[in-house]
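The values are calculated or read from the model by the stated rules, or taken from the named source; none is laboratory data. Everything numeric here is computed off the predicted structure, so don't read it as measured data. Note that we place each Cβ from the backbone using ideal geometry, even for glycine, and neighbour counts take in every protein chain shown. Heavy atoms of the whole protein, side chains included, go into the accessibility calculation; ligands, DNA and RNA do not. Shrake-Rupley method; radii C 1.70, N 1.55, O 1.52, S 1.80 Å.
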Amino acid sequence: MRPRALITATIALTTLVAGVAGPAHAKPAGPAEPPKTPVARGYGGAVSTVDPTATAVGLDVLRRGGTAVDAAVAAAATLGVTEPFSAGIGGGGFFVYYDARTRKVHTIDGREAAPASMTETSLVNPSTGRPYEFDEARISGLSAGVPGTLLTWQDALRRWGTRSLAQMLAPAARVAEKGFAVDETFASQIAANQAAFGQFSSTGALYLPGGRPPAVGSTFRNPDLAETYRLIARRGTDVFYRGEVGRDLVATVQHPPLAAKPVGAWPYPIRPAGMTTADLAAYRTRFPEPTRSDYRGLQVYGMSTPSSGGIAVGEALNILERYDLRSMTPEQAMHHYLEASALAFADRNRYVGDHSSPQVVRELLSDAYAKERACRIDASAALPKPVAPGVPDGAYGGCSAAPAADTRDDRKSTTNLTVADRWGNVVEYTLTIEATGGNGMVVPGRGFLLNNELTDFNFAPTQGSAPDPNLPGPGKRPRSSMSPTIVLADGRPFLAVGTPGGATIITTVLQMLVNRIDLRMDLPQALAAPRASQRNGTTQAEPAFIAAYAGKLPRGHAFSETAEIGAATGIEFLRDGRMLAAAEPVRRGGGAAAVVGRWGRG
Ligand code: GLU
């Protein structure tokens, strides 16, 4: 809904984040972070992100009469400053929008695209004939896709917003210029990337001042990024897709800015690649129909290809709908959650990629197919993994199966945000530069990191004699797992959730939905609950999940422990008209939820 009557004259953007970052001189140790509250209930709009400054910026836009789309773009632009290792204009993402006026869900596919020069064997080392190691491909020009984030913001604002891109970039530019306090997460993400960042003059100068990560509590400024945002504000997105920022980006891919004196050693040669200014000029966002799966009377909307998120979450829900999880013991409910997830992953790996046919997507999301898949689940034992994909050919009956094939995929970075406004519009947005730190290259003089999204392609065929849907190709977009999800009840918002976490995104979104819809948890509990991720192999799980369930589940489950999975955000629309915004209480340092007006309990 476009609340035109409420659009005030130009908002005073110069003051927009004065209360957010604070003037740099006010506190010598660095501007104070706004409070990090993981749960907020109230009315008038809500924001949940992983970062208190981004949440404060989004909330300020809502307070001044902006819509959910306006606030989501302003918050995302701020995340590009404060969470630069997860997201930014060097990357891509998927934007899901519920329009309260039409009661329709729309999506924007702002996924990075392969340059025209990419081929099926671009991620195979020509001198050995073997796929590159992951880090070898990642820290190179080969992994960088043509970014889609800036056009996503522009298109979202043009279609559904009430503010200009220039207006929504201004608060983020101010945060970049004035600085923000370095927290543990920021410093540790640099430390984890020190060897890669230290190879590049631009990245080292920005993120390794004096050869090491900035101290926790110090003020971090990124004047180049402030200037880039302002240049885009003045000249529009063409300066990026057709102008000098784009030329610098392409030069970085073609001639990685190697440091004369690297900080530390890197074990691989750093390869350039062939992205061109024509690739940038050819980039387009897409507006695919959302996926839809009806679950226990609710309508679950997600992201279609090139993401596998909406399809895999939807298929797993359709399988689970055949069981009454509520009346099961928690162990049986978790057993079914894990098994449904494995089955959906087998299908995702076999059938889902940028060029999947609409027919296959429809079949994978059909109840008849889910019924056939569900009959493979055995209540008394876990299926041996990997399970085979099914055959979504429209002819369903018994438990048919195709031969099994192996997969990999469990990296994590990325960020997610959820925004709702007073008119009932909702945005669920997941954006990324792929690995934490992307491809390690800051575009010199421009202040942002490039993505390594093209490593989301399979480097070599994974499906045996069957075709692999996710091999690289010219202009193709790598398969994603990002799963921004909006759930409606009778056409009105009930819930919006999303998370980062590579392929674990799918299972985390699925688990949060099961926790909330079936297991009687409220949204904050559904987010906080210990997580497990079954992706058709050994189940990856947090220690608290293993402590609670391992040994109590039916036989056959195998776990590998991982410290934490995901960093989710969400909003629930309560029956009394309030919104309940939730972010992580602990994972990745905790997130920040806020509402425009507080009212009633908590
Ligand atoms: N590149 C991943 C994807 O699109 C996301 C990375 C992450 O969340 O860590 O699925």
Query - Long-range amide H partners of Ile89 with built H, under 5 Å - result: none
Report task. Rank these by accessible area, largest first, 1.4 Å probe: Phe459, Phe287, Phe559. Result -> Phe287, Phe559, Phe459
Report summary line: In whole percent, the fraction of accessible protein surface over segment 269-362 that belongs to carbon or sulfur atoms, probe radius 1.4 Å, stands at 54
Query raised in the report: segment 228-372: D in µm²/s via Stokes-Einstein (Kirkwood Rh, Cα pairs, 10 °C, 1.306 mPa s)?
Result: 82
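Can you work out the FRET efficiency for the pair Arg520 and Ser164, with r the C-beta to C-beta distance and R0 = 45 Å, to the nearest 0.05?
Working: r = 44 Å, r/R0 = 0.99.
Computed FRET efficiency for Arg520 and Ser164 comes out at 0.50.
Can you compute the FRET efficiency between Glu564 and Ala395 using 1/(1 + (r/R0)^6), with r the Cβ-Cβ distance and R0 = 56 Å? Round to the nearest 0.05.
On the way: r = 42 Å, r/R0 = 0.76.
FRET efficiency, Glu564 to Ala395: 0.85.
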Query - Volume per residue that the Cα convex hull of segment 450-493 spans, once the total is divided by residue count, Å³ - result: 141
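In whole percent, and with a 1.4 Å probe on the protein chains, what portion of the accessible area of segment 478-569 is carbon and sulfur? Please report the intermediate quantities before stating the final value.
Numbers: 1320 of 2650 Å².
About 50 percent, which is the carbon plus sulfur part of the accessible surface.
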Query raised in the report: Any idea of the accessible area per residue across segment 56-107, 1.4 Å probe, to the nearest Å²?
Result: 17
**Report entry** Karplus-derived 3J(HN,Hα), 6.51/-1.76/1.60, for each residue of segment 282-291, Hz, glycine and proline x
**Finding:** 7, 5, 9, 6, 10, 10, x, 4, x, 6
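So how many Lys-Lys pairs in the chain land under 21 Å Cα to Cα, not counting same-chain pairs under 8 apart? Could you put the intermediate results ahead of the total?
Details: Lys27/Lys36; Lys27/Lys178; Lys36/Lys178; Lys371/Lys385; Lys385/Lys552.
Going through the chain pair by pair, I get 5.
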Report task. On the full set of protein chains, 1.4 Å probe, figure out the accessible area of Arg212 and give it in Å² to the nearest 10. Result -> 150
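Quick check: convex hull over the Cα atoms of segment 62-105, volume per residue in Å³, rounded to an integer? The partial results should precede the final answer.
Numbers: hull volume 3.3 nm³, N = 44.
So the per-residue hull volume is 75 Å³.
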Report task. Would you check the accessible area of Tyr369, probe 1.4 Å, heavy atoms only, in square angstrom rounded to 10? Result -> 0
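How would His336, His355, His106 rank on accessible area, largest to smallest, probe 1.4 Å? If you can, show how the numbers build up before the last one.
On the way: His336 5, His355 130, His106 55 Å².
The most accessible residue leads, giving His355, His106, His336.
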Query raised in the report: Ordered by residue, what ³J(HN,Hα) values in Hz, to whole numbers, does segment 64-76 give under the Karplus form 6.51 cos²θ - 1.76 cosθ + 1.60, where θ = phi - 60° and Gly and Pro are x?
Result: 8, x, x, 8, 4, 5, 4, 5, 5, 5, 4, 5, 5
Report summary line: Between the alpha carbon centres of segment 219-262 and segment 320-376 the gap in Å comes to 43
Query raised in the report: What is the packing order of peptides 473-486, 71-84, 573-586, taking the mean over residues of other C-beta atoms within 10 Å and listing the highest first?
Result: 71-84, 473-486, 573-586
Query raised in the report: If you take the square roots of the eigenvalues of the alpha-carbon gyration tensor of segment 428-523 and sort them as a ≥ b ≥ c, do you get rounded (a/c under 1.5), prolate (a/b over b/c) or oblate?
Result: oblate
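Distances longer than 15 Å among the Cα atoms of segment 219-280: what percent of all pairs is that?
Working: 1190 of 1891 pairs.
So the portion of pairs separated by more than 15 Å is 63 percent.
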Query - Stokes-Einstein D for segment 449-602, Kirkwood Rh over Cα pairs, 20 °C, 1.002 mPa s (µm²/s) - result: 121
Query - Long-range HN-HN contacts of Arg479 with modeled amide H, under 5 Å - result: Asp354
Query raised in the report: Given a 1.4 Å probe and the protein chains all in place, what does the accessible area of Phe494 round to, in Å² to the nearest 10?
Result: 40
Report summary line: Residues whose built amide H sits under 5 Å from the amide H of Ala113, excluding neighbours closer than 5 in sequence, are Val146
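At 0.890 mPa s and 25 °C, plugging the Kirkwood radius over alpha-carbon pairs of the chain into Stokes-Einstein gives what diffusion coefficient in µm²/s? Mind dumping the intermediate values first?
Numbers: Rh = 23.9 Å.
Answer from the Stokes-Einstein relation: 103 µm²/s.
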Requested in this report: Heavy atoms only, probe 1.4 angstrom, no DNA, RNA or ligands counted: give me Tyr301, Tyr337 ranked by accessible area, highest first.
Outcome: Tyr301, Tyr337
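How far, in nm, would the chain grow between Thr276 and Ala379 when pulled straight, counting 0.36 nm per residue and subtracting the alpha carbon separation? List each step's numbers first, then the result.
Details: separation 103, 0.36 × 103 = 37.08 nm, distance 5.37 nm.
31.7 nm is the gain from fully extending Thr276 to Ala379.
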**Report entry** Estimated vicinal HN-Hα couplings, Hz - segment 44-60 in sequence order (Karplus 6.51, -1.76, 1.60; Gly, Pro = x)
**Finding:** x, x, 8, 9, 9, 9, 7, 9, x, 5, 5, 5, 5, 5, x, 5, 5
